[in-house]
Amino acid sequence: MRTLIERSRSAGTAYQVAKVFSDQSDAAGLKLAEDLGVPAQILSASRSVDRAAYDRNLATAIQACSPALIVMAGFMRILSAEFVDAFAGRILNIHPSLLPKYPGLRTHRRVLEAREPEHGATVHFVTEQLDGGPSIIQGRVAVKTNDDEASLAARVQAQEHRIYPLAVQWFCEGRLRYADGQAWLDGQVLTEPVQFDAPSAGAP
């Protein structure tokens, strides 16, 4: 989130962060947003409010900002189909794996246990399928023999900070869109996500 806000203030950036939402009152991002001068709002989830009702409240609060794009950054709730439909093609998420490998949680641990030679992060459009929307861009890192979860996560996070603002920039420049269940970049269907630091190719 910090990277997205800071990049939004660079010359030539096509987007600005209108507001930050969190379902956790103690989320570090709330104070960070305040320190960076971005409005923030807590929408706490209680046991008395079901998922559908929560998502309706969240959608209403977001619609008040009239956003072109919703960017998920550490928001761990699974969104309902109704919420995703309301903002179809306008929600991005970043996942710490090279999707479709390792959807879900504890990706760094699972990659190490499987002795994968590489790992990374994927920016994708959000659909009803968890971590299953069309991928846009991936940042890759080699897995080192002495890696543990912390060291691997740190290198993946560095790639996240690189690729997420780029995907947001593409969308807000009108280069990236979602249509017919696919991601499109510069008028072409992305049959494979754009690759950064892939072993067989340099950055595009």
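Observations on the structure shown:
- Selected residue [touching a Gly at 6+ places or on another chain (Cβ under 8 Å) and not aliphatic (A, V, I, L, M)] from GLY29, GLY12, GLY37: GLY29
- Residues that are surrounded by fewer than 17 Cβ atoms within 10 Å (Cβ to Cβ) and acidic (Asp, Glu) number at least 1 in the following strands (runs of 3 or more DSSP E) confined to segment 114-204: 118-125.
- Cβ pairs under 8 Å, 6+ apart, first in segment 101-118 and on the phi < 0 side of the Ramachandran plot, second in a helix (DSSP H, G or I) and surrounded by 15 or more Cβ atoms within 10 Å (Cβ to Cβ): HIS108/LEU152; HIS108/ALA153; HIS108/VAL156; VAL111/LEU152; LEU112/LEU152
- Helices (runs of 4 or more DSSP H) contained in segment 1-78 and holding at least 3 residues of a type in the set (D, E, K, R) and either surrounded by 14 or more Cβ atoms within 10 Å (Cβ to Cβ) or in contact with a Lys or Arg (Cβ under 9 Å, 6 or more places away or on another chain) (or both): 2-8, 51-63
- Screening ILE91 on (1) surrounded by 17 or more Cβ atoms within 10 Å (Cβ to Cβ); (2) closer than 18 Å to ARG2 by Cβ shows it passes everything except condition (2).
- Residues that are aliphatic (A, V, I, L, M) and in contact with a helix residue (DSSP H, G or I) (Cβ under 7 Å, 6 or more places away or on another chain) within segment 74-90 comprise LEU79, ALA86, listed in sequence order.
- With respect to the stated conditions, PRO100 is under 26 Å from ASP148 (Cα atoms), at pLDDT 95 or above and exposed (fewer than 14 other Cβ atoms within 10 Å of the Cβ).
The values are calculated or read from the model by the stated rules, or taken from the named source; none is laboratory data. Because the structure is predicted, anything quoted here is derived from the model rather than measured. In this analysis, Cβ positions are derived from the backbone assuming ideal geometry, glycine residues included, and neighbour counts consider all displayed protein chains.
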